[in-house]
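Engineer: Take this structure first; my questions come after.
The values are calculated or read from the model by the stated rules, or taken from the named source; none is laboratory data. For clarity, every value in this text was computed on a predicted model and none was experimentally measured. All Cβ positions, glycine included, derive from the backbone under ideal geometry; neighbour counts span all protein chains shown.
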Amino acid sequence: MAEKKIRAIIVVEMLGRPLEHLTKTFSEYFEKMKEESFMKVLSQKIFEPKKLEQSETLYTCFGEVEFEVSGFVNLTDVIFKYMPASVEIIEPNYVEMNSVDVNDLLNSVSGRLHRYDEIAKGAQIQIGRLAKRLQEVLQEKVIRESAESENIDIEQKQQEPAAKEEIKKPEEEKVEKKKKKSKP
């Protein structure tokens, strides 16, 4: 049995600069949709970019795409791939799905979420590493500036206990306070 066609409209927004780059990128984004094998673009409407009120250099633009896909798995693919601001199903008015279709849909969503979670966790690890490195660089800078202002050899300054002490996080300070309180 062939999957029922779903006709929908998505609204896609994009923010960027400079204006020429945003306009070019947005047009290419919409052209890419026309090339997708799993969706048939019925119409597109791209609106003129506007300068963002809160910014001197950022622009925003949006557009609408009416399209047709076979089944909810393909609709989900459109949503995940193009990340629209909104989705409106035009047809059918009533949706009926068997358990195989529901399983396909849920597995598609679940797989995407796992990939996004991997990316997010990797980014968190990188942010942690960068924050640690930034802390080290800032600490070195403080030592260097302090040594220069006191006309002290930088190596000598680095060996001072106060200079070597790392900036403590609030959680670490709480643990230390508890340890001190618990000691008789």
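Engineer: Within 21 Å of Ala8 (Cβ to Cβ), basic (Lys, Arg) and not in a helix (DSSP H, G or I) - does that describe any residue in region 39-46? Break it down into steps so the answer makes sense when it comes.
Structural biologist: First, pick out the residues of region 39-46 that are within 21 Å of Ala8 (Cβ to Cβ): 39-46.
With basic (Lys, Arg) added as a condition, the list becomes 40, 45.
Still in the running and not in a helix (DSSP H, G or I): 40, 45.
Looking for residues that are within 21 Å of Ala8 (Cβ to Cβ), basic (Lys, Arg) and not in a helix (DSSP H, G or I), one finds at least one in region 39-46, hence yes.
Every residue, every condition in (1) in contact (Cβ under 8 Å) with a residue 60 or more places away in the chain; (2) under 27 Å from Gly16 (Cβ atoms), yes or no:
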position: Ser55; (1), (2): no, yes
position: Val69; (1), (2): yes, no
position: Asp77; (1), (2): no, yes
position: Lys81; (1), (2): no, yes
position: Ala85; (1), (2): yes, yes
position: Ile89; (1), (2): yes, no
position: Asn107; (1), (2): no, no
position: Ser110; (1), (2): no, no
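Engineer: Scan region 50-96 residue by residue and report those that are farther than 14 Å from Val12 by Cα, among the small types (Gly, Ala, Ser) and not in a loop (DSSP other than H, G, I, E, B).
Structural biologist: Ser70, Gly71
Each row is one residue, and each column tells you yes or no for (1) in contact with a helix residue (DSSP H, G or I) (Cβ under 7 Å, 6 or more places away or on another chain); (2) exposed (fewer than 12 other Cβ atoms within 10 Å of the Cβ).
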{"residue": "Lys40", "(1), (2)": "no, no"}
{"residue": "Gln44", "(1), (2)": "yes, no"}
{"residue": "Glu48", "(1), (2)": "no, yes"}
{"residue": "Leu52", "(1), (2)": "no, no"}
{"residue": "Glu64", "(1), (2)": "no, no"}
{"residue": "Leu75", "(1), (2)": "no, no"}
{"residue": "Val78", "(1), (2)": "no, no"}
{"residue": "Pro84", "(1), (2)": "no, no"}
{"residue": "Glu88", "(1), (2)": "no, no"}
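Engineer: I'd like to know if region 88-101 contains one or more residues that are of a type in the set (D, E, K, R) and at pLDDT 90 or above.
Structural biologist: The initial filter retains those residues of region 88-101 that are of a type in the set (D, E, K, R), namely 88, 91, 96, 101.
Right, trim to at pLDDT 90 or above and you get 88, 91.
Yes, the conditions are met somewhere in region 88-101.
Engineer: Within region 97-107, identify whether any single residue is touching a Lys or Arg at 6+ places or on another chain (Cβ under 7 Å) and assigned to a helix (DSSP H, G or I), and answer yes or no.
Structural biologist: First, pick out the residues of region 97-107 that are touching a Lys or Arg at 6+ places or on another chain (Cβ under 7 Å): none.
Within region 97-107 (the criterion being touching a Lys or Arg at 6+ places or on another chain (Cβ under 7 Å) and assigned to a helix (DSSP H, G or I)), the answer is no, since none of the residues qualifies.
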